[in-house]
Amino acid sequence: MTGVQTVLLLILSNVFMTIAWYGHLKLQQTGFSSNWPLFAVILFSWTLAFFEYCCQVPANRMGYAGNGGPFSLVQLKVIQEVISLIVFGVLSSIFFQTGGLHWNHLAAFGCLILAVYLVFMK
(Lines give C-alpha, C1' and ligand atoms only; values in the text may rest on other atoms or scores of the structure.)
Protein backbone atom coordinates (compact mmCIF):
# COMPACT_ATOMS: atom_id res chain seq x y z
CA MET A 1 0.00 0.00 0.00
CA THR A 2 2.91 2.34 0.68
CA GLY A 3 3.96 2.03 -2.97
CA VAL A 4 0.54 3.14 -4.17
CA GLN A 5 0.49 6.08 -1.74
CA THR A 6 3.96 7.07 -2.90
CA VAL A 7 2.93 7.05 -6.57
CA LEU A 8 -0.28 9.00 -5.87
CA LEU A 9 1.65 11.66 -3.94
CA LEU A 10 4.19 11.85 -6.77
CA ILE A 11 1.38 12.37 -9.29
CA LEU A 12 -0.14 15.14 -7.18
CA SER A 13 3.29 16.68 -6.67
CA ASN A 14 3.89 16.74 -10.41
CA VAL A 15 0.54 18.38 -11.10
CA PHE A 16 1.56 21.21 -8.77
CA MET A 17 5.07 21.28 -10.26
CA THR A 18 3.82 21.52 -13.84
CA ILE A 19 1.37 24.28 -12.97
CA ALA A 20 4.07 26.12 -10.98
CA TRP A 21 6.57 25.92 -13.83
CA TYR A 22 4.24 26.58 -16.77
CA GLY A 23 0.92 27.85 -15.38
CA HIS A 24 2.05 31.46 -15.46
CA LEU A 25 2.48 31.11 -19.24
CA LYS A 26 -1.18 30.14 -19.59
CA LEU A 27 -2.21 33.00 -17.31
CA GLN A 28 -0.22 35.34 -19.53
CA GLN A 29 -1.90 33.92 -22.66
CA THR A 30 -5.32 34.62 -21.19
CA GLY A 31 -4.30 38.17 -20.31
CA PHE A 32 -4.77 37.62 -16.58
CA SER A 33 -1.12 38.12 -15.67
CA SER A 34 0.14 40.02 -18.70
CA ASN A 35 1.05 43.05 -16.62
CA TRP A 36 2.47 41.20 -13.63
CA PRO A 37 6.07 42.08 -12.79
CA LEU A 38 8.52 39.19 -12.87
CA PHE A 39 8.62 39.18 -9.07
CA ALA A 40 4.85 38.46 -8.92
CA VAL A 41 5.21 35.63 -11.44
CA ILE A 42 8.02 34.12 -9.36
CA LEU A 43 5.96 34.48 -6.18
CA PHE A 44 2.99 32.79 -7.88
CA SER A 45 5.19 29.89 -9.00
CA TRP A 46 6.89 29.49 -5.62
CA THR A 47 3.53 29.45 -3.87
CA LEU A 48 2.46 26.52 -6.01
CA ALA A 49 5.87 24.89 -5.59
CA PHE A 50 5.28 24.86 -1.83
CA PHE A 51 2.38 22.45 -2.38
CA GLU A 52 4.53 20.41 -4.75
CA TYR A 53 7.07 19.92 -1.98
CA CYS A 54 4.32 19.14 0.54
CA CYS A 55 3.58 16.07 -1.61
CA GLN A 56 7.06 15.29 -2.97
CA VAL A 57 8.94 15.11 0.33
CA PRO A 58 6.51 12.73 2.06
CA ALA A 59 6.33 10.58 -1.09
CA ASN A 60 10.09 10.16 -1.13
CA ARG A 61 10.34 9.58 2.61
CA MET A 62 7.63 6.92 2.72
CA GLY A 63 8.60 5.32 -0.58
CA TYR A 64 12.34 5.02 0.09
CA ALA A 65 13.53 1.54 1.07
CA GLY A 66 15.86 3.06 3.69
CA ASN A 67 12.75 4.26 5.52
CA GLY A 68 10.84 1.00 5.14
CA GLY A 69 9.31 1.81 1.75
CA PRO A 70 9.28 -0.42 -1.31
CA PHE A 71 11.58 1.58 -3.64
CA SER A 72 15.30 2.15 -3.98
CA LEU A 73 16.54 5.68 -4.55
CA VAL A 74 17.07 4.98 -8.27
CA GLN A 75 13.60 3.48 -8.59
CA LEU A 76 12.04 6.52 -6.91
CA LYS A 77 13.85 8.85 -9.30
CA VAL A 78 12.83 6.93 -12.42
CA ILE A 79 9.21 6.74 -11.22
CA GLN A 80 9.31 10.50 -10.56
CA GLU A 81 10.67 11.29 -14.02
CA VAL A 82 8.14 9.11 -15.82
CA ILE A 83 5.27 10.63 -13.85
CA SER A 84 6.66 14.10 -14.51
CA LEU A 85 6.72 13.60 -18.27
CA ILE A 86 3.28 11.98 -18.38
CA VAL A 87 1.70 14.74 -16.25
CA PHE A 88 3.40 17.39 -18.39
CA GLY A 89 2.18 15.70 -21.59
CA VAL A 90 -1.40 15.53 -20.36
CA LEU A 91 -1.54 19.04 -18.88
CA SER A 92 0.19 20.67 -21.83
CA SER A 93 -2.26 18.98 -24.20
CA ILE A 94 -5.23 20.16 -22.15
CA PHE A 95 -4.15 23.69 -21.22
CA PHE A 96 -1.87 24.65 -24.08
CA GLN A 97 -3.51 22.55 -26.82
CA THR A 98 -0.12 21.50 -28.16
CA GLY A 99 -1.60 19.45 -30.97
CA GLY A 100 -1.89 16.14 -29.17
CA LEU A 101 0.40 13.17 -29.10
CA HIS A 102 2.21 11.95 -32.19
CA TRP A 103 3.95 8.66 -32.94
CA ASN A 104 7.29 9.96 -31.66
CA HIS A 105 5.72 10.93 -28.31
CA LEU A 106 4.24 7.46 -27.98
CA ALA A 107 7.62 5.91 -28.89
CA ALA A 108 9.26 8.08 -26.19
CA PHE A 109 6.68 6.92 -23.63
CA GLY A 110 7.46 3.35 -24.67
CA CYS A 111 11.13 4.03 -23.93
CA LEU A 112 10.15 5.39 -20.52
CA ILE A 113 8.20 2.24 -19.76
CA LEU A 114 11.25 0.24 -20.80
CA ALA A 115 13.38 2.37 -18.45
CA VAL A 116 11.03 1.60 -15.56
CA TYR A 117 11.14 -2.10 -16.41
CA LEU A 118 14.93 -2.09 -16.52
CA VAL A 119 15.33 -0.21 -13.24
CA PHE A 120 13.05 -2.71 -11.48
CA MET A 121 14.85 -5.77 -12.85
CA LYS A 122 16.68 -7.83 -10.27
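The table for this structure:
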read-out	value
Residue list for the range 30-59, filter: within 20 Å of residue 19 (Cβ to Cβ) and either touching a strand residue (DSSP E or B) at 6+ places or on another chain (Cβ under 8 Å) or polar (S, T, N, Q) (or both)	30, 33, 34, 45, 47, 56
Scan of the range 53-90 for residues that are β-branched (Val, Ile, Thr) and modelled with pLDDT under 95, ordered by number	74, 78, 79, 82, 83, 86, 87, 90
Residue check, residue 32 within 26 Å of residue 114 (Cβ to Cβ) and among the aromatic types (Phe, Trp, Tyr)	no
Residue ranges of helices (runs of 4 or more DSSP H) in the range 7-122 with at least 3 members in contact with a Phe, Trp or Tyr (Cβ under 6 Å, 6 or more places away or on another chain) and either open to solvent by less than 50 Å² (accessible area, probe 1.4 Å) or in contact (Cβ under 8 Å) with a residue 60 or more places away in the chain (or both)	38-63
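The values are calculated or read from the model by the stated rules, or taken from the named source; none is laboratory data. Bear in mind the structure is a predicted one, so any value in this text is a computation, not a measurement. Glycine also receives a Cβ, built like all others from the backbone with ideal geometry; neighbour counts cover every protein chain displayed. All accessible areas refer to the heavy atoms of the entire protein, side chains included, with ligands and DNA or RNA removed. Shrake-Rupley method; radii C 1.70, N 1.55, O 1.52, S 1.80 Å.
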